[in-house]
Amino acid sequence: MRPARRKDRLPELRQKGSELGKEIARQYARMDVSWARRPLPRAIGSGIVAGIIGPLLFLYVRRRVHGRELLEAAPADPVIFVANHSSHLDTPTILRAMPAKWRKRTAVAAAADYFYRSRTRASGAALVFNTVPMGRHGGGLSKGATEHVDQLIADGWNLLMFPEGTRSRDGEIGKVRSGAAVLAAQHGLNIVPIWVGGTHEAMPPGQNWPKRLPGRFFSRRVDVEVRFGAPIPPRDPSERREVMAEVRDFWERHGRPEGDAAQPTAEEVLRMHEALRAQRAATAGREGDSAAA
């Protein structure tokens with residue numbers, strides 16, 4: 001007998017996909033630390049971020065925020081925040097940059113295979129950062145697999161997602177997945193792009209604690225910047241790649257207006273001057289050594 005053609009097996013494949021999605025949904029529901037979204041745990045988590053993590057980070061980073069007024073002026077309707085990702089500092093940095101009315105209603109999509117490998121780690125992440133488990137390699141968006149996230153959105157929560165799926169190892173933008181655009185289309189939500197800069201320099205992957213930069217006399221804090229962009233309205237799921245291309249373009253411009261991406265900040269200019277002076281000093285030292293020889 002001839003093997004069944006693919007189109008003849010479509011009902012069977014759809015059934016298997018639906019069953020897989022339901023099984024993933026059940027697993028994520030078991031992983032999810034839903035009690036952390038109750039009022040008392042959220043108050044404790046917010047206190048940890050503001051009263052402990054915030055002052056600690058102040059010792060290592062100097063943060064600047066742009067576009068915050070876009071959120072302050074907008075109604076607090078649910079949105080999907082999407083940010084580039086190069087450090088574990090990204091989440092606390094972004095949450096601290098948000099106005100309080102947004103921060104207290106934002107859940108953070110966290111890699112199920114990393115933060116939810118143990119109940120202790122999952123509970124800690126959920127308590128402090130209000131995380132929710134999601135797959136980061138595509139499987140987490142199978143049909144029915146986002147039921148726990150769908151319910152969050154229906155309850156009025158915002159969702160912060162990192163579409164690259166993992167932290168960049170070199171600070172450059174990696175492959176951008178389109179799951180955020182699909183969720184936005186399914187729920188009719190705006191996407192708010194966020195660009196974060198400087199966190200990779202302060203705490204790159206593989207480092208467990210932030211660092212300060214060497215200075216002429218004393219070490220100095222790392223400049224960290226957060227830029228919120230204008231909301232991107234939801235579009236049909238078939239246009240998900242185009243939506244995420246707009247997000248990537250925002251990141252590549254470092255969150256600056258179009259046509260202004262190449263203009264360096266004052267801090268970047270100072271860094272360039274410091275690097276130039278150091279290079280000139282090193283060159284002069286080598287020339288002096290040659291002359292003495």
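None of the figures in this text is laboratory data; all of them are computed from the coordinates on show. No experiment lies behind these values; they were computed from the predicted model shown. Please note: Cβ atoms are built from the backbone with ideal geometry, for glycine as well, and neighbour counts cover all protein chains shown.
Quick look at the values:
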quantity: Cleavage-rule hits (trypsin sites (Lys or Arg not before Pro)) in the stretch 155-209: DSSP loop, at most 10 neighbouring Cβ within 10 angstrom; calculated: Lys175
quantity: Cα-based Kirkwood hydrodynamic radius, the stretch 17-257, one decimal, Å; calculated: 18.2
quantity: Fully extended contour minus Cα-Cα distance, from Asp113 to Glu72, at 0.36 nm per residue; calculated: 11.3 nm
quantity: Residue-count net charge about Glu69 - beta-carbon cut-off 15 Å; Lys, Arg +1, Asp, Glu -1; calculated: +3
quantity: Dipole-positive endmost among Trp35, Ala154, Gly135 within the stretch 17-257 (Cβ charges, Cα centre); calculated: Trp35
